[in-house]
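Notes follow the structure.
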Amino acid sequence: MIFKIAKYVVIDILKSKVLLFLTILLLAISMAFFTLENDPSKALVSLLSVVLIILPLVSIIYSTTYYYNAYEFMELLVSQPIKRRTILLAEYIGITISLMVAFLVGIGLPVLIFQADATGMVLILSGVMLVFCFVAFAFLASTITRDKARGIGMSIMLWFFLAIIYDALVLAVLYGFSDYPLEKLMIVLASLNPIDLARISVMLKLDVSALMGYTGALYKQFFGGWIGIVYSIFVMALWTIIPLWISLKVFKKKNI
């Protein structure tokens, strides 16, 4: 039943001109970066900003908006002998698959054409994981409040905190406690933000950790090997599972 509902959601979203426009826009940006740059690695650096900033923003806003627009459809499903857990998971899977298709066609395909190496694969994997995470964040914000404007506002504020404010807070901690050993703390702080994890993973593959100073050496030591890669995937999976689990708990008890 989950996949039947998810299939309907995917078909409904793929008909949307918004998602088609997003796919074309991402494809145009990616092709422009790769064709204008002589070095594909420089193009990947430029695409990294798109993956870390624009992709999470689009994922969380689009998912939140679609959730509220599909509220009447979910009300209809709730009136049927279908578990609420099934309904919410189907919506999540459908939206995530749709956004992943847009990302893989718009950015993943050009990367595979121009830079199909380990760095390109890590960039694609990071983008996919960020889609999972930020759709889960969108569902968390949407299930907490019934008001559409408030839900979208919460989603935007969450993205703004993780994408911009969080890094400023980390820099403040580094500056304020520079006299103390912060090795383990830096690993923890990086783990508390999926965008930072994605950034570190790709930058280490680009071999620009030397530009990050002592912190870059620390990240390369921990995240550079297979243990670090597995750890990053595991933590980002937690950033998907925990918000989605909370959303399921709230949705089950919510009066629709």
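None of the figures in this text is laboratory data; all of them are computed from the coordinates on show. This structure is a prediction, so every number in the text was calculated from the model and none was measured. Counting neighbours? That spans all protein chains shown, and the Cβs are built from the backbone with ideal geometry, glycine included.
Below 13 angstrom from the Cβ of Met154, what's the summed charge of the other residues (Lys, Arg +1; Asp, Glu -1)? It works out to a net charge of +2. Rounded to the nearest 20, the size of the Cβ-charge dipole of the chain about its Cα centre is 1100 debye, with Lys and Arg at +1 and Asp and Glu at -1.
Within the set (i) 19.7; (ii) 19.3; (iii) 21.7, the number that Kirkwood radius over Cα pairs in Å takes when calculated for this structure is listed as (ii). Mean residue ellipticity, 222 nm, helices only, the chain: the sum of -39500 (n - 2.57) across DSSP H runs of n ≥ 4, divided by residue count and rounded to 500, is -26000 deg cm²/dmol. Of Ile61, Phe114, Ile195, which is farthest along the charge dipole of the chain in the positive direction, counting Lys and Arg as +1 and Asp and Glu as -1 at C-beta? Positive-most Cα among the choices belongs to Ile61. In this structure, the pairs whose alpha-carbon distance is over 25 Å, taken from Lys17/Lys205; Lys148/Lys253; Lys15/Lys148; Lys4/Lys249, are Lys17/Lys205. The long axis of helix 40-49 is offset from the longest Cα principal axis of the chain by roughly 50 degrees. Lys and Arg at +1, Asp and Glu at -1: add these up for the other residues within a Cβ distance under 13 Å of Ala141 and post the number. Result for the neighbourhood of Ala141: +2.
With the charge dipole of the chain set up from +1 on Lys and Arg Cβ and -1 on Asp and Glu Cβ about the Cα centre, the Cα lying farthest toward the positive end among the listed residues Leu248, Ile227, Gly151 is that of Leu248. A Förster radius of 30 Å, combined with the Cβ-Cβ distance separating Leu25 from Arg84, puts the computed FRET efficiency at roughly 0.30. Computed from the C-beta positions of Leu192 and Ile156, the FRET efficiency with R₀ = 22 Å rounds to 0.65.
In order along the range 30-39, the phi-based Karplus estimate (6.51 cos²θ - 1.76 cosθ + 1.60, θ = phi - 60°) of 3J(HN,Hα) comes to 5, 5, 5, 4, 6, 7, 7, 9, 6, 9 Hz; Gly and Pro are listed as x. The rule of thumb for compact globular proteins, 2.2 N^0.38 Å, goes into the C-alpha radius of gyration of the range 1-133 1.18 times. Using a simple spin-label model with pseudo-atoms 7 Å out from Cα toward Cβ, Phe73 and Val230 lie 3.9 nm apart. Potential lengthening of the chain between Met121 and Val101 amounts to 5.6 nm, from the contour at 0.36 nm per residue minus the alpha-carbon distance.
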